[in-house]
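Asks: Before we start, here is the structure in question, set down as structure tokens.
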Amino acid sequence: MKRSEYRYGVIGLGGIGSGVAYWLARRAGENVLGLEQFELGHDRGASEDHSRIIRLAYHTPQYVELAKSSYDAWAILEQEAEEELIVTTGGLDFFPAGGPIPLEDYSEPLISCGVPIEVLDSTETMKRWPQWQLTDDIVALYQAAGGIAPAARCNAAHVRAARAHGATLLERCAVEAIRPIGDAIEVVTGDDIYRLEKLVIAADSWTNELLAHLGVEIPLTITQEQVGYYATPHLDDFSPERFPVWIWHDASDYYGMPVFGERAVKVAQDVGGDEVTARSRTFEPNPDTLQRVEDFCRSFLPSAMGPLASTKTCLYTMPPDRDFILDALPDHPNVLITLGAAHGFKFASLFGKIMSELAIEGDTEHDISLFKADRPILSMENPPKTFTM
Ligand SMILES: Cc1cc2nc3c(=O)[nH]c(=O)nc-3n(C[C@H](O)[C@H](O)[C@H](O)COP(=O)(O)OP(=O)(O)OC[C@H]3O[C@@H](n4cnc5c(N)ncnc54)[C@H](O)[C@@H]3O)c2cc1C
């Protein structure tokens, strides 16, 4: 067995893990190791697609402040990678009157954080975005910074920049065991053993498989989600310049994006998939979810509909409160865990920064007090699950 030593290691080089590798490499260069079980850019996890929504619109001031910092982190990567990544389209959040999520849940935190917003009734919204067909009871919140994080390109930029700083990033290199050895951590892959001072686990749907080596388990729900790309005949109407990213907050949540990456409009249901594991998931689209999405569009966004150009399946991994986990493990202080709770891509670079600060300094300037690994709900027997946000 070949042994080698690094100060910092990351397991998983998806959207968040590649961000962690980059931010660690900015400070520790060649002392950084990243391990990915599949090929880089694979589509078996949660981070490979043309686009992910980035937004400031969130339901607590803490999230809003974190979202602000996520734009700063991407801007630093864009500069270093010499590539423009984030595409601003504006963002619309829709709130049906009497729905489970009142507009104020979003407008108040944004206002308290000094973020400019517009609240529009259905008539005003349809005047500005005639693609929408809204009933009178629909109120919209518009926030100008909403946009697209081009997921696959962001991941590739993180990997490129991490390697440019000297990091060793290995693909098709599955971690098979994790062993605490004194103050160090040993990670075993095939014929190799790597000795590390600090390890970051960024493994999303595979998180508990890795934590099992440390006798730890976190209550996580994994669902197989899917997105549909519809070849609308009105492509221009859905260009990024004319159609903002959007989220519909109701008993069933839907979301979508302008034409980006494919000549089609992307629409999906949030938490619309069946519960699976990272190993039991399939790549078969669920016709019932597709039907729900198409019914929604026929009601509220009819001109987006066209032939289904393609669908993609993907995994959501959610703690019961759907809040992130950004912390060291209580009983293993040199093992850190980062989990995006199925809304983490927009934060991928910022999480990289935060995890690098926790690994190197043991602390971060960002307020992550909500995202502790030992918060009570994570050690409850049957925690109540709240995935709508
Ligand atoms: C359909 C869909 C739409 C979404 N939309 C948005 C959105 O609009 N905005 C947003 O912010 N977020 C969104 N999200 C959530 C976001 O994409 C995820 O939170 C984020 O991508 C998670 O990144 P990750 O790196 O933790 O996970 P992953 O990309 O899944 O990476 C985990 C990696 O760990 C690797 N790994 C696991 N076990 C091992 C092992 N033993 N050895 C080595 N490697 C291992 C895996 O192979 C994988 O590459 C969406 C998610 C889905 C599924």
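Asks: Compute the Cα gyration tensor for the range 95-143, then decide on rounded, prolate or oblate, letting a ≥ b ≥ c be the square roots of its eigenvalues: rounded whenever a/c is under 1.5, prolate when a/b is larger than b/c in the other cases, and oblate in all that remain.
Replies: Details: a/c = 3.35, a/b = 1.43, b/c = 2.34.
Here the range 95-143 falls in the oblate category.
Asks: Which GluC sites (Glu not before Pro) in the range 50-118 sit in a loop by DSSP (not H, G, I, E or B) and have at most 15 other Cβ atoms within 10 Å of their own Cβ? Don't skip to the end; give the middle numbers.
Replies: Details: sites: GLU65, GLU78, GLU80, GLU82, GLU83, GLU84, GLU104, GLU118; in loops: GLU82, GLU83, GLU84.
Sparse-neighbourhood loop GluC sites (Glu not before Pro): GLU82, GLU83, GLU84.
Asks: Given 20 °C and 1.002 mPa s, compute D for the range 201-354 with the Stokes-Einstein relation, Rh being the Kirkwood radius over Cα pairs; round to the nearest whole µm²/s.
Replies: On the way: Rh = 17.1 Å.
Rounded, D is 125 µm²/s.
Asks: Something else now. Hey, what D do you get for the range 25-65 in µm²/s if you plug the Kirkwood alpha-carbon radius into Stokes-Einstein at 10 °C and 1.306 mPa s?
Replies: Details: Rh = 14.0 Å.
Estimated diffusion coefficient is 113 µm²/s.
Asks: Dividing the alpha-carbon radius of gyration of the range 305-389 by 2.2 N^0.38 Å (N being the number of residues), what value is obtained? Mind dumping the intermediate values first?
Replies: Numbers: Rg = 15.7 Å, N = 85, 2.2 N^0.38 = 11.9 Å.
It is 1.32.
Asks: Compute the length gained on full extension between ARG279 and GLU83: take 0.36 nm times their separation in residues and subtract their Cα-Cα distance, giving the result in nm to one decimal. Each step should come with its number before you reach the end.
Replies: Working: separation 196, 0.36 × 196 = 70.56 nm, distance 3.47 nm.
Separation in residues times 0.36 nm, less the Cα-Cα distance, equals 67.1 nm.
Asks: Could you work out [θ]222 nm for the chain from helices alone, using -39500 (n - 2.57) per DSSP H run of at least four and dividing by all its residues? Round to the nearest 500 deg cm²/dmol.
Replies: Working: 8 runs with 98 residues, N = 389.
Helix contribution divided over all residues of the chain: -8000 deg cm²/dmol.
Asks: Size of the range 139-196 along its principal axes in angstrom, Cα-based, largest extent first?
Replies: The principal-axis extents, from largest down, are 55, 28, 21 Å.
Asks: Per the Cauchy relation, a quarter of the hull surface: what is the mean projected area of the convex hull of the alpha carbons in the range 217-276, in nm²? Walk me through the intermediate numbers first.
Replies: Details: hull surface 22.5 nm².
Across all orientations, the range 217-276 yields a mean hull projection of 5.6 nm².
Asks: Kirkwood Rh and Cα-based Rg: tell me the resulting Rg over Rh for the range 1-103, rounded to two decimals. Working shown, then result.
Replies: Numbers: Rg = 17.9 Å, Rh = 16.7 Å.
Dividing the radius of gyration by the Kirkwood radius yields 1.07.
Asks: Percentage of Cα-Cα pair distances in the range 46-133 greater than 21 Å, rounded to whole percent?
Replies: On the way: 1696 of 3828 pairs.
Tail of P(r) above 21 Å: 44 percent of Cα pairs.
Asks: Where the only charges are on Cβ atoms (+1 Lys, Arg; -1 Asp, Glu), what is the dipole of the range 173-248 about its Cα centre, to the nearest 20 debye? Mind dumping the intermediate values first?
Replies: Details: 4 positive and 13 negative charges, 26 e Å.
The dipole magnitude comes to about 120 debye.
Asks: Another one. Which three extents, in angstrom, do the Cα atoms of the range 317-366 have along their principal axes, listed largest first?
Replies: Its Cα atoms span 27, 24, 14 Å along the three principal axes.
Asks: Roughly speaking, what % of Cα-Cα pairs in the range 65-116 are separated by over 18 Å, rounded to a whole number? Intermediate results must be reported in sequence, preceding the final value.
Replies: Values: 674 of 1326 pairs.
Within the range 65-116, distances greater than 18 Å cover 51 percent of Cα pairs.
Asks: Please arrange LYS372, LYS385 by accessible surface area, largest first, computed with a 1.4 Å probe and ligands excluded.
Replies: On the way: LYS372 85, LYS385 120 Å².
Listed by decreasing accessible area, they come as LYS385, LYS372.
Asks: What are the principal axis extents of the Cα atoms in the chain, in Å, biggest first?
Replies: 65, 42, 39
Asks: For labels at ASN382 and ASP137 in the simple 7 Å Cα→Cβ model, what's the distance in nm?
Replies: 3.2 nm
Asks: Which entries of LYS266/LYS372; LYS312/LYS385; LYS127/LYS353; LYS198/LYS346; LYS198/LYS385; LYS266/LYS385 have Cα-Cα distances beyond 29 Å here?
Replies: LYS266/LYS372; LYS127/LYS353; LYS198/LYS385
Asks: Please give the charge dipole size of the chain, origin at the Cα centre, charges +1 on K and R Cβ atoms and -1 on D and E Cβ atoms. Round to the nearest 20 debye. Walk me through the intermediate numbers first.
Replies: On the way: 32 positive and 58 negative charges, 156 e Å.
In total the dipole reaches around 740 debye.
Asks: Moving on to the next point. Per residue and in cubic angstrom, what volume does the convex hull of the Cα atoms of the range 77-196 have? Before the final figure, lay out the partial values.
Replies: Numbers: hull volume 27.0 nm³, N = 120.
Taking the convex hull of the Cα positions in the range 77-196, it is 225 Å³ per residue.
Asks: Right, next: For the chain, which whole percent of the accessible surface, found with a 1.4 angstrom probe, sits on carbon and sulfur atoms?
Replies: Numbers: 7720 of 15550 Å².
Reported share for carbon and sulfur atoms: 50 percent.
Asks: Looking at the range 1-159 only, what percent of DSSP beta bridges run antiparallel? Nearest 5 please.
Replies: Values: 14 of 18 bridges.
The antiparallel proportion sits near 80 percent.
Asks: What are the GluC sites (Glu not before Pro) within the range 330-389 that DSSP puts in a loop, where the Cβ has at most 14 other Cβ atoms within 10 Å?
Replies: Values: sites: GLU357, GLU361, GLU365, GLU381; in loops: GLU365, GLU381.
Passing sites in the range 330-389 are GLU365, GLU381.
Asks: Give a residue-ordered list of calculated ³J(HN,Hα) values for the range 167-183 (Karplus: 6.51 cos²θ - 1.76 cosθ + 1.60, θ = phi - 60°; whole Hz; x for Gly, Pro).
Replies: 5, 9, 10, 10, 9, 6, 9, 6, 7, 9, 7, 10, 10, x, 10, x, 7
Asks: Now, a different point. Mind listing the phi-derived Karplus ³J(HN,Hα) values for the range 342-350, rounded to whole Hz, using 6.51, -1.76 and 1.60 with θ = phi - 60°, and x for any glycine or proline?
Replies: For the range 342-350, the Karplus-derived couplings read 6, 8, x, 4, 4, 9, 3, 6, 5 Hz, x marking Gly and Pro.
The values are calculated or read from the model by the stated rules, or taken from the named source; none is laboratory data. Here the structure is a predicted model, which is why all the values come from computation and not from measurement. We place every Cβ from the backbone using ideal geometry, glycine too, and count neighbours over all the protein chains shown. For accessibility, only protein heavy atoms count, side chains too; no ligands or nucleic acids. Shrake-Rupley method; radii C 1.70, N 1.55, O 1.52, S 1.80 Å.
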